[in-house]
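Computed from the coordinates by the stated procedures, all read-outs in this text should not be read as laboratory data. Predicted model, so just to flag it, every value in this text is computed and none were measured. So basically every Cβ, Gly included, is an ideal-geometry build from the backbone, and we count neighbours across all protein chains shown.
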């Protein structure tokens, strides 16, 4: 039932309150104690900020307790999240099949399978072995920069031509990218991953700073206490040139302040299960951090205090990999939900609450394990087909699968 939370985060941190409730809920389900199951699901619904798994759990609890109206209400909320699931195959929801609302609910869920398609193909990387992770834009050079997980390099893409910008000296997977145009820098992260070609499975992680014009490596940063299995996965830059980056395995949010060569810990391990791409807010005082399980955090950059975006719109905000701010909207790329999709989250003026949400792209063949995007004016360019979905958990290519050329698509946000 709720084991999804513990399973996804077990490698990242030790037990925490919400994880303990998840385990207790699973135990209650096994023993048929539906009141206890409901109790723990209610707590997890709050702690995980409306995670769809907790919504489904509450529907199951209500169904088993004979509260059909309440169960249908929870399932309407789940369907309203735009997710796809075969509810008819869920045995715990069987008591609802005789309800008058059941068929209309299934029809609503069926509508979630329809394509939402407004994006166009911007360009295709002419290299099936590439496996794309991140994309950035160099406005001075009028070129896109893309990172390769498989080949451990960064390429520049301009006027239909691709060239190598830089390689990681350790032959690790290249991960996040961030252009600091004012200071002529490209920031990147690298990590030893099993998906990287012809390398050891794990060989450390680091932040790299390149000269934006020449591609020359200027400096390397890492945290001595981190292990070889840690991954510096995503980053963002403030207007002042401060770099914020996440450790997607151990859960920290780190910073390298402008003018400093040292790394400081903003949020220590234990709060996030798997933090993804941070977003520095316009006030320069707060950083949004999407957690793959818990929702979207609001971090005070000076104190490290963590609060969470209020999910007033009942949006599914788990499974976010890429996150970009456009005005008062967050453009989120979700590869941890079904279907994979790109959504827009509209925030209130204080950037503390999600007011409403819409799907921008979903249920289209080219949207295969999308990862990250970049805003260029009012156009959002994103990696739609990355190649990540062709790998087994151990990093090997799934038998019978073949790597595909990455596809970058574009959405006009006007």
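Rg/Rh, computed from the Cα trace of the range 265-316 with Rh as the Kirkwood radius, has the value 0.95. Put in line by how crowded their Cβ is, counting other Cβ atoms within 10 Å and starting with the fewest, 240, 369 read 240, 369.
Counting other beta carbons within 10 Å of each residue's own, what order do 235, 48, 281 fall into, fewest first?
Working: 235 22, 48 27, 281 16.
Listed from fewest to most nearby Cβ atoms, that is 281, 235, 48.
Ratio of Rg to Rh for the range 3-112: 0.98 [Cα atoms; Kirkwood radius as inverse mean 1/r over pairs]. The distance from the alpha carbon centre of the range 44-108 to that of the range 389-414 is 31 Å, rounded to a whole number.
Among 221, 37, which comes first, second and so on when ranked by fewest other beta-carbon atoms within 10 Å? Spell out each step's value before the answer.
Numbers: 221 18, 37 27.
Ranked by crowding around the Cβ, least crowded first: 221, 37.
Is the C-alpha gyration tensor of the range 111-262 telling us rounded, prolate or oblate? Criteria: a/c under 1.5 is rounded; beyond that, a/b larger than b/c is prolate, otherwise oblate. Since a/c stays below 1.5, the shape of the range 111-262 is classed as rounded. Give the calculated FRET efficiency between residue 103 and residue 225 to the nearest 0.05, with a Förster radius of 45 Å applied to their Cβ-Cβ distance. The computed FRET efficiency comes out at 0.20. Modelled spin-label separation between residue 30 and residue 129, with each label point placed 7 Å from Cα along the Cα-to-Cβ direction: 4.6 nm.
Report the FRET efficiency, 1/(1 + (r/R0)^6), for residue 90 and residue 414, where r is their Cβ-Cβ distance and R0 is 41 Å, rounded to 0.05.
Details: r = 41 Å, r/R0 = 1.00.
Once rounded, the FRET efficiency stands at 0.50.
Label separation (residue 405 vs residue 359): 2.9 nm, computed from points 7 Å beyond Cα along the C-beta direction.
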